[in-house]
Amino acid sequence: MFNLSKSKHVNFLKIYKKVKGVYKKIPVVKERKKRNFVFKLIKYFNFAVLFVFLAFLIFIGVNLVNLKLIYQNANTGKDNLEYAVALVNNKEFDRCLEFAKLAENNFKNASLNIEKIQNDFFIKKINFIEVQINDFLYLSFIGEVLSRSVYQGAELGMVFNNIFGENGTFTALPTEKKEEILEFIYKSGPEINGIKANIDLAIINLNQISNSILTLPLKSKINNIKINLLQAQNLLSKAVPMSELIPGLMGYPEKSSFLILLQNSDELRPTGGFLGTYGILEAESGEILRYDTHDIYHMDMPVKDRIDVKPPAALKEYLGVEKWYMRDANWSPHWPIAADKIEWFYNEENKLLPPKDRINDFDGNFDGVIGITPKFVTDLLAITGPVYIENEEYNSNNFTDLLEYRVEKGYFELGVPSWHRKEVIGDIVEELKLLLLNKGFADLKEVVNVIGVSLDQKDIIAYFHDDGMQSVVKQQGWGGYLKETSGDYLMVIDANMAALKTDAVVNRSINYKVDQDINGLFADLRVSYANNGQFDWRTTRYRTYTRVYVPLNSRLVEASGYSEGKVETHNELGKTVFSAFISVEPGEIGALHFYYKLPPDINMLVKKGEYRLLTQKQPGNTVEQMRVDLSFINSIRSYSPTGFYVYKSLPQAISWDSDLTVDKEFEVIF
């Protein structure tokens, strides 16, 4: 054959390639080639769409029956569940059980049909459709779990309602019925736990929903379900431990007695406030046998020359007392220690009371010691309504101010002897007790919510001699403990030193900074006090002895802002403590400043990739503003809590603006 490339005269191969190149550059040819390419793309795309459409038609055809059953079961299940909830609200528990079981079966059947579709070949190959199907399976399973929860709740409600009676109140019940209710509560813990476990499971599945196209129209309804579930979860998380405490508090299965301390947080002390009033509560089988209150000076004053206990050094120096009495016994911020000391003082002083002053009529052993602040009482008044004593209305808005005036100034105007000025507290407590015990079954949710919030915010703190009850309050954080932690720690404890009720008008803020460098972790703490009071019968210059609890073996570098004496350092309760006294005039702002080095073990945790901070609230003390500012050597990968009040200015720095109404934890991962 003629070899073009090796011709001695003409290189035809070279000519061919040049001509071909010129041809391709002709505009008409170029346009034609582009059109051919586009037409090919369109053709392939149409084939792809046709294939998907045919696959979808095949999928619909094969699963038409299943899809129809899913829709019917899910829709019927929704209707049955909504009706069951309405029946619960109407206390028609027997009918509720029927419809809740129907709803559960409806959702179970829907889930079974969805699972059949999940196993379809096309579903497994098309991720988009698989996501939609998974979301519907989560929703169906949530419906099943909620139906089961409503069923369990209706069972408990039916038993409780049968004992309680229609529109009945606790006080109207005979003793045997009260005992029956307490026995029911005593044994209902596992059932309530089961309901809570189902709610937890529903929330987990709800969080798995990916907001796919098919569930997008349901987004608002799903969000409402989530809000309601979280509220139910919170309520049940309080109801479960409360069910373990209420019977014992109400004298079941055995008679019980408790020492109750009213801690005035307007005159702040380490565990919540000045112990101005104490009470003795005795109960048996749901009957409150007695609850009387007394001025704590009715214990201290008659024995002032009969008891001789050396006070803590700070009380002697800044409060000017030579002896230690029951009224100042809550000096330790750790409630188990303070409660034990209060009970010891009660027993010692009660034994020494002269015959004419023996008002307690109780020489036995208490089953526990409970401290409450005025905020708990005002929160109760918000749901019970006001009480009327001596032609005065005490309500949630004026309770603290009105009562303080009554026992400090008003008693004189009423011609009441100073020795009896606090008897009005007993009258208020008695009226409030009647209002609470006359609450019906439907109002229990409100009461449980108020008690739960008060326990979380430490407006109620409890110490029990019963190991089981004490274990519950410790686990729930209701026992006034200084908690143990392997990470960073901060708790600021104020003690009002002869500053009247000035804590009512003091605004506090905490600014806590931690910086890491090659020498370790350094903490910078500033505690500020704004005294908004004046010189009158209620407020004056603010005087506080402040103790700052930090990780054990922290080393103070420098301190400033204190008014008298010096900053003292010691170890207590597994922490290092910095103590200082500060005085702030009305209308002024004062601040204590501590700069210290955190112990090496916390720096080692940071080097291993984690930093944790636990900040604890002092009972009775609300810090309106708290800022946590952290800066490290390494970049931060994740952190908690998240939210609108967190700022991340640099890769290795983060800060939170918050408050300290409850104990709070912060975590950073590197």
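Which condition number in (1) touching a residue at least 24 places away in the same chain (Cβ under 8 Å); (2) surrounded by 15 or more Cβ atoms within 10 Å (Cβ to Cβ); (3) within 22 Å of H298 (Cβ to Cβ) is the one that N365 fails?
(2)
With the condition being surrounded by fewer than 22 Cβ atoms within 10 Å (Cβ to Cβ) and without any contact (Cβ under 8 Å) to a residue 24 or more places away in the chain, I'd like the strands (runs of 3 or more DSSP E) fully within region 469-588 carrying at least 3 qualifying residues.
Answer list for region 469-588: 564-572.
When you go through D657, D629 one by one, which is the residue that is surrounded by 16 or more Cβ atoms within 10 Å (Cβ to Cβ), modelled with pLDDT of 95 or more, touching a Lys or Arg at 6+ places or on another chain (Cβ under 8 Å) and of a type in the set (D, E, K, R)?
None of the other options fit; the residue is D629.
Can you tell me which residue among E254, E322, E282 is in a loop (DSSP other than H, G, I, E, B) and farther than 19 Å from M497 by Cα?
Criteria check complete, one pass: E254.
Do we have any residue at all in region 437-445 that's in a helix (DSSP H, G or I) and either surrounded by 17 or more Cβ atoms within 10 Å (Cβ to Cβ) or of a type in the set (G, A, S) (or both)? Please lay out each step first, then the result.
First, the residues of region 437-445 that are in a helix (DSSP H, G or I): 437, 441-445.
Next cut, either surrounded by 17 or more Cβ atoms within 10 Å (Cβ to Cβ) or of a type in the set (G, A, S) (or both) only: 441-442.
Looking through region 437-445, at least one residue is in a helix (DSSP H, G or I) and either surrounded by 17 or more Cβ atoms within 10 Å (Cβ to Cβ) or of a type in the set (G, A, S) (or both).
Residue pairs, Cβ under 6 Å, 6 or more apart or interchain, first in region 398-418 and farther than 16 Å from F376 by Cβ and not assigned by TED's automatic domain parsing to the domain that holds R538, second of a type in the set (A, V, I, L, M) and assigned to a helix (DSSP H, G or I). List them.
R406/V424
Would you confirm, using the coordinates I've provided, whether V453 is at pLDDT below 90 and under 28 Å from Q616 (Cβ atoms)?
no
Need the failing condition index for E115 against (1) acidic (D, E); (2) within 20 Å of V131 (Cα to Cα); (3) crowded, with 19+ Cβ neighbours inside 10 Å, just the number.
If we test E115 against (1) acidic (D, E); (2) within 20 Å of V131 (Cα to Cα); (3) crowded, with 19+ Cβ neighbours inside 10 Å, just (3) comes out false.
Hey, any hits in region 590-597 for a residue that's over 31 Å from the mean Cα position of the chain (by Cα), farther than 23 Å from S655 by Cα and surrounded by 13 or more Cβ atoms within 10 Å (Cβ to Cβ)? Reasoning before the result, please.
Looking only at region 590-597, we keep the residues that are over 31 Å from the mean Cα position of the chain (by Cα), and these are none.
For region 590-597, residues over 31 Å from the mean Cα position of the chain (by Cα), farther than 23 Å from S655 by Cα and surrounded by 13 or more Cβ atoms within 10 Å (Cβ to Cβ): absent.
Check A382 against each of (1) surrounded by fewer than 21 Cβ atoms within 10 Å (Cβ to Cβ); (2) small (G, A, S); (3) not in a helix (DSSP H, G or I) and name the one condition it does not meet.
(3)
Give just the number: which of (1) assigned to a helix (DSSP H, G or I); (2) modelled with pLDDT under 90; (3) under 27 Å from F160 (Cβ atoms) does K91 not satisfy?
(1)
Specify the residue that is surrounded by the fewest Cβ atoms within 10 Å (Cβ to Cβ); the eligible residues are those in region 279-308 that are among the hydroxyl-bearing types (S, T, Y), touching a residue at least 40 places away in the same chain (Cβ under 8 Å) and closer than 23 Å to V407 by Cα.
Step by step, filter region 279-308, then rank; the result is Y291.
Check P270 against each of (1) surrounded by fewer than 16 Cβ atoms within 10 Å (Cβ to Cβ); (2) touching a strand residue (DSSP E or B) at 6+ places or on another chain (Cβ under 7 Å); (3) not charged (D, E, K, R) and name the one condition it does not meet.
(1)
When you check K445 against the structure, is it among the basic types (K, R) and within 13 Å of F376 (Cβ to Cβ), yes or no?
In short, no.
Output the residue which, of all residues in region 620-640 that are over 24 Å from the mean Cα position of the chain (by Cα) and either in a strand (DSSP E or B) or not hydroxyl-bearing (S, T, Y) (or both), is nearest to V505 (Cα to Cα).
If we take residues in region 620-640 being over 24 Å from the mean Cα position of the chain (by Cα) and either in a strand (DSSP E or B) or not hydroxyl-bearing (S, T, Y) (or both), then S631 is nearest to V505 (Cα to Cα).
Having 2 or more residues that are at pLDDT below 80, of a type in the set (V, I, T) and assigned by TED's automatic domain parsing to the domain that holds Y83 is the bar; report the helices (runs of 4 or more DSSP H) wholly within region 114-201 that clear it.
127-164
Out of the residues in region 334-362 that are under 24 Å from Y297 (Cβ atoms) and assigned to a loop (DSSP other than H, G, I, E, B), which is farthest from the chain's Cα centre (by Cα)?
P354
So is N391 of a type outside the set (V, I, T) and modelled with pLDDT of 95 or more or not? I'd like the intermediate steps shown before the answer.
Numbers: of a type outside the set (V, I, T): yes; modelled with pLDDT of 95 or more: no.
The answer is no for N391.
In this structure, does E98 turn out to be more than 30 Å from E180 (Cα to Cα) and either assigned to a helix (DSSP H, G or I) or of a type in the set (A, V, I, L, M, F, W, C) (or both)?
On the way: more than 30 Å from E180 (Cα to Cα): no; either assigned to a helix (DSSP H, G or I) or of a type in the set (A, V, I, L, M, F, W, C) (or both): yes.
The answer is no for E98.
Counting only residues that are free of Cβ contacts under 8 Å to residues at least 40 places away in the same chain and not in a loop (DSSP other than H, G, I, E, B), which one in region 602-619 is surrounded by the most Cβ atoms within 10 Å (Cβ to Cβ)?
That would be K607.
Considering only region 508-531, how many residues are closer than 16 Å to I582 by Cβ and of a type outside the set (V, I, T)? Full working, then the answer.
Within region 508-531, the first condition is being closer than 16 Å to I582 by Cβ, and the residues that meet it are 508-511, 525-531.
The next check asks that each one be of a type outside the set (V, I, T); those that pass are 508-509, 511, 525-526, 528-531.
The total comes to 9.
The values are calculated or read from the model by the stated rules, or taken from the named source; none is laboratory data. Since the structure is predicted, the reported quantities are computational estimates derived from the model, not experimental observations. So basically every Cβ, Gly included, is an ideal-geometry build from the backbone, and we count neighbours across all protein chains shown.
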